[in-house]
Amino acid sequence: MEKRSSRIKRSITRKRIVWIGAAAVLLLSASLAYAGFNSGGEPSTPPSADAEKSVTDVKEEPTVEELAKATDEELVDHIHYYNEISLSKEEIQRSHPIAAKIVNQKAKQQNVKPDLDNPRYRELAMEAGLDLEGKTPEEQRELADFAKKADQYENKELNKRIKELERKAKKEGLTEQERAELISLLPIKNPGPKLKPEPKKEAEKKPSTPTEEPAKNPGKEEQNDKQQDGDGQPNPKEGDKQDGKPKDGVKDDPRDGKDAEPGENKQKGTGKDEPRDDGQRDDSSDGDQDGNEQDSNEDGQSGNEDGQDEDSEQPEPNQPPLKTEANGYNRAKAVEYAYKWWNKRNNEEYGFYSRERGGCYDCWYDCTNFVSQVIKNGGIKERVGNYNLYDYWFYNDDRPALTWSLAHSFYLHMKNVRHAQNATWPSELQVGDIISVDFEGDGQINHSVVITKIQNGQIFATYHSSDNKDKNITDWLLYYDVFAWKMETVKNNY
């Protein structure tokens, strides 16, 4: 144990030297982000993520596990912040007239004050940023950018909490829970491979629409998948970022269970394919997958609520059923649960969030809580322990793990504990896989959904927040950082 501790300390020390050297280079370059120091020697405002990027992207940045073992002093050395927007709330709305009009109409319908200082209005802005299906390219671009600006506008609140913990670490030290909170709050600087749009020959990517016709020649898409690689992929997000998350709507705040849930609050192959015996997917297929074969429509669920079509497309007769993976993940059961509860809350089994809010039915943002229920029903085993450490993932009525309900913490758990692998192309995806979304690419994961249909290269998801069943989310890949978890790779031997 002592030898292991010694190795960890040497590793942290080496990485600390790299960190300090990189910071010195940054200071010598006269970065404006560090110019605002007060007489006490502390920054008057947290440095922007853009200014921090060259530092935190150092290859030898410590892992989350190493940070958890570090002293408070070593932990402070690795603190970095989220981007804070310089525009005023009025300027943000004026520069996005189309998006502001759409969001303001929703705000009026829900009796929400149309003010970016209002957390609920910011949530509506970010909800609208997810509702890109059927919009024109201009509407998509503006809605996506408006959502990013709303996300960035509230970063100051998250940075404020990080700063509070930093000061306490310097003056008196952090408790175990505060250390866990700080580590969970920090941006993820190397999140992993992003899901990219499949390479196409077309010059422009057309927005998806609810009535979009299937591709006339699916074979061409299959050939394109094999001919091109990601290096030539255009970057439609260029220009979307400012100084450099909804989340179901707002950022993760893992300070307590009560505040954690809202908005992740402050936080198949074609019909001819056969399942592989080794449990691995066949990435060569561009065919259709549909979980609707599992939709039992139990408990009188109405499939046409909120504009959803109860008679969704059924799978081809010769399509293989959704399989159970070698790790025990049953995709059919996961999707069946998602369809059963897509527009309802299972407060009888998972009632913590309702009780914490006085018994309301659905007054919180529920995306990751819903996804956790889905994959648990699909056979992913809970890992029980400290509720505020990302090492654990579980639900109980006293206090569920933050990883159960917060998109950011869920991502940390999947990446660092479950060692799940990310898909790079939509052709690698299967129904039942999970997607995590980072709105502005700042390292804060904002949203979680489950894939319930794949058709003609288009990705359809079912999720909570604004409740949606088989929503086409393919256009998210054009505007946000999207991470897809291959669920057959999830560690599940607990």
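We did not get these values from a lab; they are worked out from the coordinates using the rules stated. What you see is a predicted model; the values in this text were computed from it and never measured. All Cβ positions, glycine included, derive from the backbone under ideal geometry; neighbour counts span all protein chains shown.
Using the structure shown, select from 101/469; 196/340; 381/486 the pairs with a Cα to Cα distance greater than 18 angstrom. Let's see the in-between values first.
Numbers: 101/469 25 Å; 196/340 30 Å; 381/486 16 Å.
In this structure, 101/469; 196/340 lie more than 18 Å apart at Cα.
Using a Förster distance of 22 Å, how high is the FRET efficiency between residue 175 and residue 396, based on the Cβ-Cβ distance and rounded to 0.05? If you can, show how the numbers build up before the last one.
Working: r = 22 Å, r/R0 = 1.00.
It comes to 0.50.
Between residue 109 and residue 73, what is the label-to-label distance in nm when each label sits 7 Å out along the Cα-to-Cβ direction?
My value for the distance between the label points is 5.7 nm.
Exceeding 29 Å between C-alpha atoms, which entries from my cross-link table qualify? They are 200/376; 333/415; 113/149; 89/160; 156/491.
Details: 200/376 36 Å; 333/415 23 Å; 113/149 18 Å; 89/160 19 Å; 156/491 36 Å.
Long pairs (Cα-Cα over 29 Å): 200/376; 156/491.
Can you pull the one-decimal nm distance between simple spin-label points at residue 98 and residue 349, each 7 Å off the Cα toward Cβ?
With each label point 7 Å from Cα toward Cβ, the separation is 4.2 nm.
Rounded to the nearest 20 Debye, what is the dipole magnitude of region 96-153 about its Cα centre when Lys and Arg each give +1 and Asp and Glu each give -1 at the C-beta? Write out the running numbers ahead of the final one.
Numbers: 10 positive and 11 negative charges, 41 e Å.
Using Cβ point charges on Lys, Arg, Asp and Glu, region 96-153 gives about 200 debye.
Enumerate the calculated ³J(HN,Hα) couplings along region 130-135 in order (Karplus 6.51 cos²θ - 1.76 cosθ + 1.60, θ = phi - 60°), each rounded to whole Hz, writing x wherever the residue is Gly or Pro.
Those phi angles translate into 8, 8, 9, 4, x, 8 Hz.
If we count other beta carbons within 10 Å of each Cβ, what is the order of 404, 341, fewest first? Show your work: numbers first, answer last.
Numbers: 404 28, 341 22.
Going from sparsest to densest Cβ surroundings: 341, 404.
Taking the Cβ of each residue in 179, 167 as the centre, tally the other Cβ atoms inside 10 Å and list the residues starting with the fewest. All intermediate terms of the calculation are to be shown ahead of the outcome.
Values: 179 20, 167 12.
Fewest to most other Cβ atoms nearby, the residues stand as 167, 179.
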